[in-house]
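The values are calculated or read from the model by the stated rules, or taken from the named source; none is laboratory data. As the structure is a prediction and not an experimental result, all values here were calculated from the model. Cβ atoms come from the backbone with ideal geometry, glycine included; neighbour counts cover every protein chain shown. Calculation scope for accessible area: heavy atoms of the full protein, side chains included, ligands and nucleic acids excluded. Shrake-Rupley method; radii C 1.70, N 1.55, O 1.52, S 1.80 Å.
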Amino acid sequence: MDDDNDLRTRHKVSIDGIFRNGYTIDKIRKSFVFKFGLILTCLFGGCLLFFNREANRIFEYIDDLASTVLSTFPSLLGFSLAGYALIIGVSDLKLIGRMSEPLKSTKQKLSFFQTTSCVFASSVLIQCFTLILAFCVHLIVKQKLTVDNECVCLILNFFIYITLLFFGLFSMLLLCSTVVNLFTYGQTVHFCVRQDIEMTKNEEDGLWKDIKEAVIGVLKNHLNKYE
């Protein structure tokens, strides 16, 4: 029963299985693309405040940024979904079985296949969130809402711009990470295939060696009778 409960714990589904197992959040937070996205956001945000401190100008930048995300992200999201479908649907059960061994490096005892699936699923969800956020921001911008307080308007516009900019940059950087993860997964699959071939070849060579030694032994015993 304990083993069954432990197995169920390591196979959570839905959002709880993707983000709340602890591994995925730490993986994202410590990743290079997350840190690089933060750095780029701070640089662009700092330049924006240095050169433009007018709320109306930042409002225009928000509209342009939201429109850019809405026009470019559907294709990026399609690429990520295709890569995720490739991992989940193409691999056969034998290869998945080879990659289902729990990793010692993860506290949750997740396998290589599970960690790869979590990373891809989280990347797709983050890109979906960015697209939805841009759509909502675009709708709000088209409402042309006004705020009487210039300072509040500036802070609000800057916050919205920085938030959308970060998720946009982070999502695009995740696309590079997706390519790297696909390559790593492909190398892992190739390694498993080659390992199986080498093991089969060694077993066949060993079998023929045993047969050869057995035949030579029989011949030697037969020839010894005539000496």
ARG194 accessible area, 1.4 Å probe, all protein chains in place, Å² to nearest 10:
100 Å²
Hey, what do the phi angles of region 160-172 turn into as Karplus ³J(HN,Hα) couplings, whole Hz, using 6.51/-1.76/1.60 and θ = phi - 60°, x for Gly and Pro?
5, 5, 5, 5, 5, 5, 4, 5, x, 5, 4, 5, 5
Going 7 Å from the Cα of LEU81 in the Cα-to-Cβ direction, what parts of region 120-141 have a backbone nitrogen less than 12 Å from that spot?
124-125, 128
Please list the non-local residues whose amide H lies under 5 Å from the amide H of SER111, H modeled 1.01 Å from N, same-chain partners needing a gap of 5 or more.
LEU103
